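Below is one structure, written out as structure tokens; comments come after it.
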Amino acid sequence: MNFDSAFVSGNPAGIWSISQHKTRRQCLCMASATPQFENGVKVRVKSSVIMYHIPSKRGQDVDVKGLEGEVQKTTLEKDGVPLTLNRPVLVKFTEPRFSGHFAEDELEPV
């Protein structure tokens with residue numbers, strides 16, 4: 001392993017081999033391997049989350065705590081490779097009409 005590939009893979013000291021690094025990455029993803037919220041589930045935002053992309057209030061900070069919506073998608077893997085997304089749950093709201101990404105601990109089922 002040359003220095004460039006070690007640095008790009010997040011292993012600047014070259015301690016892990018490439019195969020060990022992939023295994024370590026997969027282990028980090030195993031904690032959230034099963035989605036808590038399935039597609040179509042009605043949810044409510046339980047914690048204070050500020051969003052700036054709501055069309056009717058573009059550019060203003062809006063706290064969406066208490067809004068109810070429907071889970072559109074939960075992304076935990078792509079092409080069989082586990083992902084470590086910060087906010088894997090996509091929720092679609094009807095009033096105001098917009099979609100936003102949330103962490104599982106920011107939502108509660110209705």
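Residues being open to solvent by less than 40 Å² (accessible area, probe 1.4 Å) and touching an Asp or Glu at 6+ places or on another chain (Cβ under 9 Å): count how many of those fall in segment 48-71.
Number satisfying all stated conditions: 3.
Can you tell me which condition Ser17 does not meet? The list is (1) at pLDDT below 85; (2) open to solvent by 60 Å² or more (accessible area, probe 1.4 Å), and all the others hold.
For Ser17, the failing item is (2).
Every residue, every condition in (1) in contact (Cβ under 8 Å) with a residue 60 or more places away in the chain; (2) in contact with a strand residue (DSSP E or B) (Cβ under 9 Å, 6 or more places away or on another chain); (3) closer than 23 Å to Pro35 by Cβ, yes or no:
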| residue | (1), (2), (3) |
| --- | --- |
| Pro55 | no, yes, no |
| Gly69 | no, yes, yes |
| Leu83 | no, yes, yes |
| Leu107 | yes, yes, yes |
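Please enumerate the residues belonging to segment 84-98 that are surrounded by 13 or more Cβ atoms within 10 Å (Cβ to Cβ) and within 16 Å of the chain's Cα centre (by Cα).
Correct list: Leu85, Arg87, Pro88, Val89, Leu90, Val91, Lys92.
The values are calculated or read from the model by the stated rules, or taken from the named source; none is laboratory data. As the structure is a computational prediction, the values presented were derived from the model and not from experiment. When we count neighbours, we look across all protein chains shown, and the Cβ atoms used for this are built from the backbone with ideal geometry, even at glycine. Note: areas computed on protein heavy atoms with side chains; ligands, DNA, RNA excluded. Shrake-Rupley method; radii C 1.70, N 1.55, O 1.52, S 1.80 Å.
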